[in-house]
Amino acid sequence: MESTAKVRFLRTAPRKARLVVDAVRGKMVSEALSLLDLSMKKGVAVHVAKILKAAVANMQSRHAEAAIDVDELRIKDIRVEEGPVLKRFRPCAHGRGARILKHMCHISVTITN
């Protein structure tokens, strides 16, 4: 049994999100949630924990007839993909405009029994 959860257009850079996601890839769900709880210094950890909890809730609601033990669930796949980039400009010297890029990302999680 598998279950997925996705978040799209998350306002953080994919490079920063991959640091947190790489730490929990392949781990058990309960272990990953406790690891994310300890790494709350990174702002993305809050969002990754939320997505992981959503995937567990999807599994429980989809397979309500089967007894699902949360402690036996494992992260099968977790990916961070680039989203669109917001382009902003800031005044700069000599009447020019300095470009500011605000990155977004998409995160998808697949858990399995």
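The values are calculated or read from the model by the stated rules, or taken from the named source; none is laboratory data. Keep in mind that what you see is a predicted model, and the values were worked out from it rather than measured. Reconstructed Cβ throughout: ideal geometry from the backbone, glycine too, with neighbour counts over all protein chains shown.
Data overview
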| item | result |
| --- | --- |
| A17 being more than 23 Å from M1 (Cβ to Cβ), small (G, A, S) and over 11 Å from the mean Cα position of the chain (by Cα) | no |
| Test: I78 is among the β-branched types (V, I, T) and at pLDDT 95 or above | yes |
| Candidates V24, V7, V29, V56 - the one that is closer than 16 Å to M104 by Cβ and of a type outside the set (K, R) | V7 |
| Per-region count, the range 24-70, residues outside any helix (DSSP H, G or I) and either among the hydrophobic types (A, V, I, L, M, F, W, C) or over 13 Å from the mean Cα position of the chain (by Cα) (or both) | 13 |
| Subset of the range 47-84 (residues that are of a type outside the set (G, A, S) and exposed (fewer than 11 other Cβ atoms within 10 Å of the Cβ)) | E65, D69, D71 |
| Selection within the range 10-31 - touching a residue at least 24 places away in the same chain (Cβ under 8 Å) and over 30 Å from L101 (Cβ atoms) | G26, K27, M28, V29, S30 |
